[in-house]
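The values are calculated or read from the model by the stated rules, or taken from the named source; none is laboratory data. No experiment lies behind these values; they were computed from the predicted model shown. As a convention, Cβ positions derive from the backbone with ideal geometry for all residues, glycine included, and neighbour counts pool all protein chains shown. Ligands, DNA and RNA are excluded from the accessible area calculation, which covers all protein heavy atoms including side chains. Shrake-Rupley method; radii C 1.70, N 1.55, O 1.52, S 1.80 Å.
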Amino acid sequence: DAMVIQNPRYQVTQFGKPVTLSCSQTLNHNVMYWYQQKSSQAPKLLFHYYDKDFNNEADTPDNFQSRRPNTSFCFLDIRSPGLGDAAMYLCATSRDLGQNEQFFGPGTRLTVL
Amino acid sequence: GENVEQHPSTLSVQEGDSAVIKCTYSDSASNYFPWYKQELGKRPQLIIDIRSNVGEKKDQRIAVTLNKTAKHFSLHITETQPEDSAVYFCAASIGSGYALNFGKGTSLLVTP
């Protein structure tokens, strides 16, 4: 009964080679988030969608893009991964606006060679 | 974004003792403060949250206190058990919105 699913769980890419991470949810939540979590650090919000409205954090590099083609799916595109982009990428959802619990996926661990 | 400071970064207690983790925030407009537990290799999961109109909230062995004037909030775990061992993250809403700023986490180890 997985609620927030991320694929793949582990992704290896080469320096500069575009990569796409996938997130899907069965909760029918309106809000979807992408976080970057490096080793021993806090999850850092990259951007989020409220329905189709995209909200980018001010310090998110232009190298990171996102798409949400429908309620259930959200993608993180890294156009030209650098060594510094190696991290765990967490997708999360929340029901709506307002302070609601965020449900996290298991994450995708990205390695950049 | 605004900062959330979390202390300590590591905490080791004996089974049955209490554990306290403290966080401070800088955004005076923050009004939602959740705590997440992340076990090794697993996803963060919400364990308790508190809103700014409440000073304290308790759920069995877990309690959270909030001091809005001082801009700090704390997680209290009583009668700790080895299965409480994990990384705990505090977070504060960005303003009154729904996005969150996380603290850097506290690695809690409960030894039998």
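Specify which of the listed residues (A:Lys17, A:Lys44) is open to solvent by 50 Å² or more (accessible area, probe 1.4 Å) and modelled with pLDDT of 95 or more. Break it down into steps so the answer makes sense when it comes.
Working: A:Lys44 fails: modelled with pLDDT of 95 or more.
Just one listed residue meets the conditions, A:Lys17.
So, restricting to strands (runs of 3 or more DSSP E) that lie completely within the range B:50-112, which ones have at least 3 residues that are within 12 Å of chain A (Cβ to nearest Cβ)? Reasoning before the result, please.
Working: elements: B:56-59, B:62-67, B:72-77, B:86-93, B:100-102, B:106-111.
Output list reads B:86-93, B:100-102.
Which of the residues spanning the range B:1-14 are away from chain A (no Cβ under 14 Å) and surrounded by 13 or more Cβ atoms within 10 Å (Cβ to Cβ)? Outline the logic, then answer.
Narrowing the range B:1-14 to residues away from chain A (no Cβ under 14 Å): B:11-14.
Passing the criteria: B:Leu11, B:Ser12, B:Val13.
Of all residues in the range B:16-46 being part of a loop (DSSP other than H, G, I, E, B), open to solvent by 40 Å² or more (accessible area, probe 1.4 Å) and in contact (Cβ under 8 Å) with a residue 24 or more places away in the chain, which is farthest from the other protein chains (Cβ to nearest Cβ)?
B:Gly16
Which one is farthest from the other protein chains (Cβ to nearest Cβ), of the residues in the range A:85-113 that are of a type in the set (Gly, Ala, Ser) and touching a strand residue (DSSP E or B) at 6+ places or on another chain (Cβ under 8 Å)?
Filtering the range A:85-113 down to residues of a type in the set (Gly, Ala, Ser) leaves A:86-87, A:92, A:94, A:98, A:105, A:107.
Remaining after also requiring touching a strand residue (DSSP E or B) at 6+ places or on another chain (Cβ under 8 Å): A:86-87, A:92, A:94, A:105, A:107.
Working: A:Ala86: 17, A:Ala87: 14, A:Ala92: 8, A:Ser94: 6, A:Gly105: 6, A:Gly107: 6 Å.
Ranking the candidates gives A:Ala86 first.
Looking at the range A:52-63, is at least one residue buried (at least 19 other Cβ atoms within 10 Å of the Cβ), farther than 15 Å from A:Tyr33 by Cβ and charged (D, E, K, R)?
Within the range A:52-63, the subset buried (at least 19 other Cβ atoms within 10 Å of the Cβ) is none.
No, the conditions are met nowhere in the range A:52-63.
Test A:Ser80 against the criterion of being more than 14 Å from chain B (Cβ to nearest Cβ), exposed (fewer than 14 other Cβ atoms within 10 Å of the Cβ), among the small types (Gly, Ala, Ser) and farther than 28 Å from B:Thr10 by Cα, and give yes or no. Write out each step before concluding.
Details: more than 14 Å from chain B (Cβ to nearest Cβ): yes; exposed (fewer than 14 other Cβ atoms within 10 Å of the Cβ): yes; among the small types (Gly, Ala, Ser): yes; farther than 28 Å from B:Thr10 by Cα: yes.
The answer is yes for A:Ser80.
Can you name the condition, by its number, that A:His29 falls short on among (1) more than 24 Å from B:Glu39 (Cβ to Cβ); (2) touching a strand residue (DSSP E or B) at 6+ places or on another chain (Cβ under 6 Å); (3) touching a residue at least 60 places away in the same chain (Cβ under 8 Å); (4) outside any strand (DSSP E or B)?
Result: A:His29 fails condition (1) only.
Let's see how each residue does on (1) of a type in the set (Gly, Ala, Ser); (2) free of Cβ contacts under 8 Å to residues at least 40 places away in the same chain:
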{"position": "A:Asn63", "(1), (2)": "no, yes"}
{"position": "A:Ser72", "(1), (2)": "yes, no"}
{"position": "A:Ser80", "(1), (2)": "yes, no"}
{"position": "A:Arg95", "(1), (2)": "no, no"}
{"position": "A:Glu101", "(1), (2)": "no, yes"}
{"position": "A:Gly107", "(1), (2)": "yes, no"}
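So for the range B:74-90 (the condition being at pLDDT below 95 and polar (S, T, N, Q)), does at least one residue qualify?
Scanning the range B:74-90 turns up no residue that is at pLDDT below 95 and polar (S, T, N, Q).
Quick one: in the range A:20-37, which of the residues that are over 13 Å from the mean Cα position of the chain (by Cα) and open to solvent by 60 Å² or more (accessible area, probe 1.4 Å) is farthest from A:Asn100 (Cα to Cα)? Walk me through how you get there before you give the answer.
Filtering the range A:20-37 for residues over 13 Å from the mean Cα position of the chain (by Cα) gives A:26-30.
Those still in the list that are open to solvent by 60 Å² or more (accessible area, probe 1.4 Å) too: A:26, A:28.
Working: A:Thr26: 17, A:Asn28: 14 Å.
Across the range A:20-37, the extreme among qualifying residues is A:Thr26.
Quick test of your reading of the structure: A:Met3 fulfils all but one of (1) away from chain B (no Cβ under 11 Å); (2) open to solvent by 20 Å² or more (accessible area, probe 1.4 Å); (3) over 21 Å from B:Asn101 (Cβ atoms). Name the failing condition by number.
Answer for A:Met3: the failing condition is (1).
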